[in-house]
Amino acid sequence: MSQHAPAHSLLGLPKAELHLHIEGTFEPELVFALAARNGIELPYASVEELRQSYSFDGLVSFLDLYYECMAVLRTERDFYELAMAYYERASAQGVRHAEIFFDPQAHTSRGVSIDTVIDGLSRAAADAHSTLGITGGLIMCFLRDLPVSSAHETLESVAHRVGDLIGVGLDSAEAGFPPSLFAEVYSRAAELGLRLVAHAGEEGPSDYVWEALRLLKVERIDHGVRSLEDSDLVDYLRENRIPLTVCPLSNLRLGGHVAFNALPALIEAGLFVTVNSDDPAYFGGYVGDNFTQIERVFGLSQSKLVELAQNSVVASFAPDSRKQQLLAEIDEWIGVNQGSQLSARR
Ligand SMILES: Nc1ncnc2[nH]cnc12
Ligand SMILES: [Zn+2]
């Protein structure tokens, strides 16, 4: 696979990816390869059989498989290879900056040390920068369906190496696990200088989005599609330019067409929307594929798609100088594509 995105296509549109679980990029072929290397037997006869099980009836049914597959990740090299495979695919889809989620508790609970995880992922991020020019870093997520004490312990266990992280997030099964539970953990993360984001309003109610904003003081909301159920919240999100990291193919696979159709409604409501892939190995496409699908299904104009890419850069935690560089790359893409459209018409 080429690691450079084709300039004359939506895949080549430079973009930032802000909602991507690295464990959700674990393609079945790599799951099998790492299982074999680590001497682990999988309950699937083949790559094809594993891939065929990718049919979900909601977030929890997806998470069961997601945690099962990631259990073959054991060594620093495993985490490195997982992340490098993502960066290469992402680069081919126009990703120039990636802020990557990882779930340390899903690994430490199996006896893998948090340093092993962060070492492998950080080494990949450094190599992705030097070989592919991709900037960004790591956002450590707390599993909200585990005890809050475990989140506290996890955070304290990395207090000596917060320089390896951009921020913290909150993920896993949402319903019944409100953000309010994690207010103290988030306040400590802020004290450590970490940026704050949280999944809210994916399957959980719009109240969880309010809680994430008011109690956790997050800077971005991951998903947030159920915000549409509360018009005061929609007004608040618009007036305060709170970025939403929406994941269309994830919404389609886990929530069906009602959830998928949230995207045009959020855009229509004037919200600060970005497009991301969430768990691309499981949901049928990387971020460029998400752009291609929303163009096809919703008929979004090229200028709207460009605006979504610009939003991803502006909503990122990249330094201002890097944001300016990336916005200039997007302008360059617009120039190339206008030219190619004109020459195609002649
Ligand atoms: N879409 C999602 N929602 C919550 N937790 C997740 N972990 C991985 N993907 C997730
Ligand atoms: Zn997610």
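The values are calculated or read from the model by the stated rules, or taken from the named source; none is laboratory data. Bear in mind that the values here come from a model prediction, so they are computed numbers and not experimental data. Neighbour counts are summed over all protein chains in view; Cβ atoms, including those assigned to glycine, are modelled from backbone coordinates with ideal geometry.
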* Which ones in the range 179-208 are assigned to a loop (DSSP other than H, G, I, E, B) and touching an Asp or Glu at 6+ places or on another chain (Cβ under 7 Å)? -> GLU202, GLU203, GLY204
* Structure fact -> Listed by first then second residue, the pairs whose first member lies in the range 33-55 and is under 19 Å from PHE283 (Cβ atoms), whose partner is β-branched (Val, Ile, Thr) and surrounded by 14 or more Cβ atoms within 10 Å (Cβ to Cβ), with beta carbons under 9 Å and at least 6 positions apart or on separate chains, are TYR44/VAL31; VAL47/VAL31; LEU50/VAL31
* Would you mention how many residues in the range 222-233 are in contact with a helix residue (DSSP H, G or I) (Cβ under 6 Å, 6 or more places away or on another chain) and more than 16 Å from ligand 2 (Cβ to nearest atom)? => 4
* Please work out if LEU215 is away from ligand 2 (no atom under 16 Å from the Cβ) and of a type in the set (A, V, I, L, M). => yes
* To do: Find the helices (runs of 4 or more DSSP H) located wholly in the range 95-169 whose residues include 3 or more that are away from ligand 2 (no atom under 16 Å from the Cβ) and touching a residue at least 40 places away in the same chain (Cβ under 8 Å), and list them.
  => 114-132, 148-157
* Within the range 215-229, is even one residue in contact with a Phe, Trp or Tyr (Cβ under 6 Å, 6 or more places away or on another chain), at pLDDT 95 or above and within 16 Å of ligand 1 (Cβ to nearest atom)? -> yes
* Structure fact -> Note on GLU229: of the conditions (1) out of contact with any Leu (no Cβ under 6 Å at 6 or more places or on another chain); (2) under 21 Å from SER55 (Cα atoms), unmet is (2)
* Going by the structure shown, is ASP331 under 19 Å from the mean Cα position of the chain (by Cα) and of a type in the set (Asp, Glu)? -> no
